[in-house]
Amino acid sequence: MNEKRTQFAEIAAAARAWLEVEQELGTEGIIRVKNQTFPVAASPNVVDENNMKKRSVKEKEARLAELAKEAQSCRACQLCKGRQQTVFSRGNLQAELFFVGEGPGADEDEQGVPFVGAAGKLLNRMITAMHFSEEEVYIANAVKCRPPDNRTPTTDEVKACERFLVGQLETVAPKVIVALGKSAAQMLGIETESGQWRGNWSKWRSIPLIATYHPAFLLYSPKHKPVVWEDLQQVMARLGKS
């Protein structure tokens, strides 16, 4: 009997912890996505991507270290003039889920790690709610240097930094990419002019891609948290996490 009570207490504690995460994200009462089917992405002739998926962890580590070193000395746009340091990535280079943000903020510029400020804490809670740990996903930004006053990166700045993100995506070769914010969506080829840039599936080369609002936007406009949660549930369903 005591053993059963202990098991029940553990289940109740887990349920309470999950409810707290949902309350933080504003997701209480939202219907979860179940048994949803998705179109299978086409298989274009992308030899390099397929080969990357077969590379060893050491080979991936070496490639990402090379890209990070190149980013540190990059002078391709004006953002290099105001940076303390470049902000390359954090997370698992074997990740099946890859988050792409827009650009570093003040905390990230100081620490050299993406998403460590208030928006990063919210993103971490979003990741937990998706049944992932921070160590299971990979996180990077469209630009590796902080834009002045945390403004949105310009098209030229994003273009100048493109090769670093492309290299990261090719190396990690995730199963799903989530673009956080309009700039990240644009960089990854999602049409944003129609206003329907978030919540719809697309693809980056052969990798399924979906865009949603940036966590920083949610801090100022929390009313959009429910639609972001709906977007993330689509990702969870696609990765078997629902």
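The values are calculated or read from the model by the stated rules, or taken from the named source; none is laboratory data. Quick caveat: nothing in here was measured; it's all calculated off a predicted structure. Reconstructed Cβ throughout: ideal geometry from the backbone, glycine too, with neighbour counts over all protein chains shown.
What the table below lists for this structure:
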{"read-out": "Inter-residue pairs, beta-carbon under 6 Å, first small (Gly, Ala, Ser) and in segment 57-82, second surrounded by 15 or more Cβ atoms within 10 Å (Cβ to Cβ), 6+ apart", "value": "Ala68/Phe88; Ala71/Thr86; Ala71/Phe88; Ala71/Lys144; Ala71/Phe164; Ala76/Ala160"}
{"read-out": "Subset of segment 217-235 [among the aliphatic types (A, V, I, L, M) and within 13 Å of the chain's Cα centre (by Cα)]", "value": "Val228, Leu232, Val235"}
{"read-out": "Given (1) modelled with pLDDT under 50; (2) of a type outside the set (D, E, K, R); (3) more than 22 Å from the chain's Cα centre (by Cα), number of the condition Val40 does not satisfy", "value": "(3)"}
{"read-out": "Only one of Thr152, Thr86, Thr171 that is in a helix (DSSP H, G or I) and hydroxyl-bearing (Ser, Thr, Tyr)", "value": "Thr171"}
{"read-out": "Top-ranked residue of segment 198-242 - restricted to ones that are touching a residue at least 60 places away in the same chain (Cβ under 8 Å) and among the aromatic types (Phe, Trp, Tyr), ranked as nearest to Ala173 (Cα to Cα)", "value": "Trp201"}
{"read-out": "Residue list for segment 189-228, filter: among the basic types (Lys, Arg), in contact with a Ser or Thr (Cβ under 8 Å, 6 or more places away or on another chain) and farther than 17 Å from Ala129 by Cβ", "value": "Arg198"}
